[in-house]
Amino acid sequence: MENYFELRRYLIDMTYPKVAVIILNYNGWQDTIECLESVLRNDYPNYQVIVVDNGSPNNSMEYIKAWAEGRQGVLTPEPSHPLYHLSHPPVKKPIPYICYTKEEAEKGGNFELEEKLTKEWQKQRKSNNKENKELISTSPYPLIFIQTGENLGFAGGNNVGIRYILAKERNDFDSVVLLNNDTVICKNSITELIKAKNNLGNEAIYGGRIYYYSNPTKIWYDGGYFNEWLGRTMHINMGKSNIPEKAIHEVNFITFCYVFIPKQLLKIIGLLDESYFIYVEDLDYSYRVWKSGYKLYHVSSSQIYHKVGASSGENEVSEFSAYWYYRNSLNFRLNKLTGIYKIGSLLYYFLRLPYLILKWSFKEPKVIKSLLNGIKDAIYK
């Protein structure tokens, strides 16, 4: 029997390279659980889910563990929500999991324990499929839970998960998907990205079409465009509906709300830049890929739904988000752009500043101080 499972694993690995799905959580356990339910019913047969908790002070990881054990229900969305079917009915519990500290994860974890639990879990899944026909996780691996112990920001938290899959003790992962915890995915979302990668290669990163969770027919992101002269990004087709799927095409910016990165390219480009903490790190990474001569592809047939603003805890501009956004936007221009592009983008940034201050003085006066502090820190720190 053990030989059967080893042969099956080998055949799966050869046909469907193993993908890590990294989901970063900070105080958003309800969203994370809904996201997990959608991911664990996707139709790609060889993936493992890694949940990184960024030191949430609200005990998020305990709720997520309770969910995996079958002691915590899926609380969102309401049955009347049009996306309810993407996360319901819940997959069968318990689901095995392994917990690591940041330090343990970055060393590659406990490979022997993971292998043991994987074999046990695959036997259980096979038995379930024969006898009960209940909805069960499509992942053949235990969940990996990593507790960072502190809030490392978006880049820092995701980097912990990435270091886990890049650890020299491991060589089982082929690619990584970074997925916001405030999203739900379609059954074929990951498979469509894998198909694109199989056709276009490992020397590229890939993104998909993202709809508003609150308005599932309206597009939030359908590929991205970065204007080097202005230092600004644009989401293509944002706010539009009924846009037909298009052939896979090149872009020069991918939002890291949902991105697929082959391990081969990850080793070349490196980790996310943790100096950004939150916001603009995806532009920075996209720019590094683009300027290194590699490709960025948009795959509109790979679709997810995003609770815009929920992952950062902000549905509107706040003092926190204003500080980091304006700081990082300026920091990127100062440190990553060069020559005429740097001059042009800085002129645009500062010429637009009086308009922004006037706008926020009417709309949200409290953010002006944070905006100015962000600019000051970008220049002097």
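The values are calculated or read from the model by the stated rules, or taken from the named source; none is laboratory data. Predicted, not measured: the structure shown is a model, and the values here were computed from it. Backbone-built Cβ (ideal geometry, glycine too); neighbour counts: all protein chains shown. To get the accessible areas, we keep the full protein, side chains included, count just its heavy atoms, and leave off ligands, DNA and RNA. Shrake-Rupley method; radii C 1.70, N 1.55, O 1.52, S 1.80 Å.
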(request) Starting from the Cα of LYS246, draw a straight line to each of the aspartates and glutamates and keep only those under 20 Å, dropping any in the same chain fewer than 8 residues away. (result) GLU192, ASP222
(request) Please give the direction-averaged projected area of the C-alpha convex hull for the chain, in square nanometres with one decimal. (result) 19.5
(message) Could you tell me the calculated FRET efficiency between ASN237 and LEU113, based on Cβ-Cβ distance and R0 = 45 angstrom, to the nearest 0.05?
(response) 0.50
(request) Give me the Debye-computed log₁₀ of I(q)/I(0) at q = 0.12, 0.18, 0.20 Å⁻¹ for the stretch 135-262, equal point scatterers on Cα only, no solvent, two decimals. (result) -0.57, -1.24, -1.43
(request) Please give the FRET efficiency for GLN264 paired with TRP229, using the beta carbon to beta carbon distance and R0 = 35 Å, rounded to the nearest 0.05. (result) 0.65
(request) Return the calculated 222 nm mean residue ellipticity for the chain, to the nearest 500 deg cm²/dmol, obtained by summing -39500 (n - 2.57) across DSSP H runs with n ≥ 4 and dividing by the residue count. (result) -13500 deg cm²/dmol
(message) Can you give me the accessible area per residue for the stretch 226-271, using a 1.4 Å probe, in Å²?
(response) 49
(message) I'd like the distance between the alpha-carbon centres of the stretch 198-229 and the stretch 257-271, rounded to an integer number of Å.
(response) 16
(request) State whether the stretch 40-135 is rounded, prolate or oblate according to the following rule on the C-alpha gyration tensor (a ≥ b ≥ c being the square roots of its eigenvalues): a/c under 1.5 gives rounded; otherwise a/b larger than b/c gives prolate, and the remaining case gives oblate. (result) oblate
(request) Report the relative contact order of the stretch 168-230, percent, no decimals, based on alpha-carbon pairs under 8 angstrom and at least 6 residues apart. (result) 18
(request) Evaluate the relative contact order of the stretch 94-163 (contact order divided by residue number), counting alpha-carbon pairs under 8 angstrom at least 6 apart; express in whole percent. (result) 52
(request) Compute the relative contact order of the chain as a whole-number percentage, counting only Cα pairs closer than 8 Å that sit 6 or more residues apart in sequence. (result) 18
(request) Return the carbon/sulfur percentage of the accessible area of the stretch 256-296, one whole number, probe 1.4 Å, all protein chains in place. (result) 51
(request) Would you mind checking the pairs LYS263/LYS307; LYS240/LYS366; LYS93/LYS126; LYS65/LYS102; LYS267/LYS295 and listing those with alpha carbons more than 20 angstrom apart? (result) LYS263/LYS307; LYS240/LYS366
(request) Quick one: go through the stretch 331-368 and flag any residue whose amide nitrogen is under 14 Å from the point 7 Å out along the Cα-to-Cβ line of ILE379. (result) 331, 334, 346-347, 349-354
(request) Please give the length that would be gained between ARG163 and ASN199 if that part of the chain were fully extended, namely 0.36 nm times their separation in residues minus their C-alpha to C-alpha distance (nm, one decimal). (result) 10.3 nm
(request) Can you tell me the order of 79-91, 39-51 when each peptide is scored by its average per-residue count of other Cβ atoms within 10 angstrom, highest first? (result) 39-51, 79-91
(request) Excluding GLY344 itself, calculate the net charge of residues whose Cβ lies under 13 Å from the Cβ of GLY344, where each Lys or Arg counts +1 and each Asp or Glu counts -1. (result) +3
(request) With a ≥ b ≥ c taken as the square roots of the eigenvalues of the C-alpha gyration tensor of the stretch 254-381, please select rounded if a/c is under 1.5 and otherwise prolate if a/b is larger than b/c or oblate if it is not? (result) oblate
(request) May I ask you to compute the full-extension gain from HIS81 to GLU274, defined as 0.36 nm times their residue separation minus their alpha-carbon distance, rounded to one decimal in nm? (result) 65.9 nm
(request) Report the FRET efficiency, 1/(1 + (r/R0)^6), for GLN122 and ILE357, where r is their Cβ-Cβ distance and R0 is 51 Å, rounded to 0.05. (result) 0.30
(message) Which order do the peptides 176-189, 231-244 come out in when sorted by mean C-beta neighbours inside 10 angstrom, highest first?
(response) 176-189, 231-244
